[in-house]
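The values are calculated or read from the model by the stated rules, or taken from the named source; none is laboratory data. In this text, all values refer to a predicted model and were calculated from it rather than measured experimentally. Please note: Cβ atoms are built from the backbone with ideal geometry, for glycine as well, and neighbour counts cover all protein chains shown. Ligands, DNA and RNA are stripped out before the accessible areas are found, and what is left, the full protein with its side chains, is counted by its heavy atoms. Shrake-Rupley method; radii C 1.70, N 1.55, O 1.52, S 1.80 Å.
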Amino acid sequence: MIKVITDSKILKTPLPKSTFTKEEQDLATAALLTSVVEHKGLGMSANQIGLTKRICVINVKDEPLILVNPEIVSYAKDSVEGEEGCLSFPNLWLKVKRHSSINAKYFDRDGKECTIELKGMDAICFQHELDHLDGI
């Protein structure tokens, strides 16, 4: 089982945009997908499993979404508030305000730049994982 990092000092270090070899990206993707499934999470960021690359996965829909160098391009002004948990902080649930929808860009596992509009739980998970990558 892949160990989830719980040290807040490590998690507070923001990860800059990363470059990847194909092999590095494939290994990071495999580790993230394995970890999110093993821990029954909705998402996982590289720094949560000890990797220093700007990559994460959200696993809300039928197929996980691999996000390399993700960023929010625009967001809805309205927000939603809900309780969020985190695999790095087991048994801790906090009320968090998030944008109800976002437009984002990222690179997929083939290195293609993609844009996407996310709403609801997808948007919430994206913002949560982006917070990890930003050291928040």
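Some values worked out for this structure:
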{"read-out": "Lone qualifier among S100, S45 - being within 14 Å of the chain's Cα centre (by Cα), at pLDDT 95 or above, within 15 Å of I124 (Cβ to Cβ) and among the polar types (S, T, N, Q)", "value": "S45"}
{"read-out": "Total residues in the stretch 108-129, condition open to solvent by 60 Å² or more (accessible area, probe 1.4 Å) and without any contact (Cβ under 8 Å) to a residue 40 or more places away in the chain", "value": "5"}
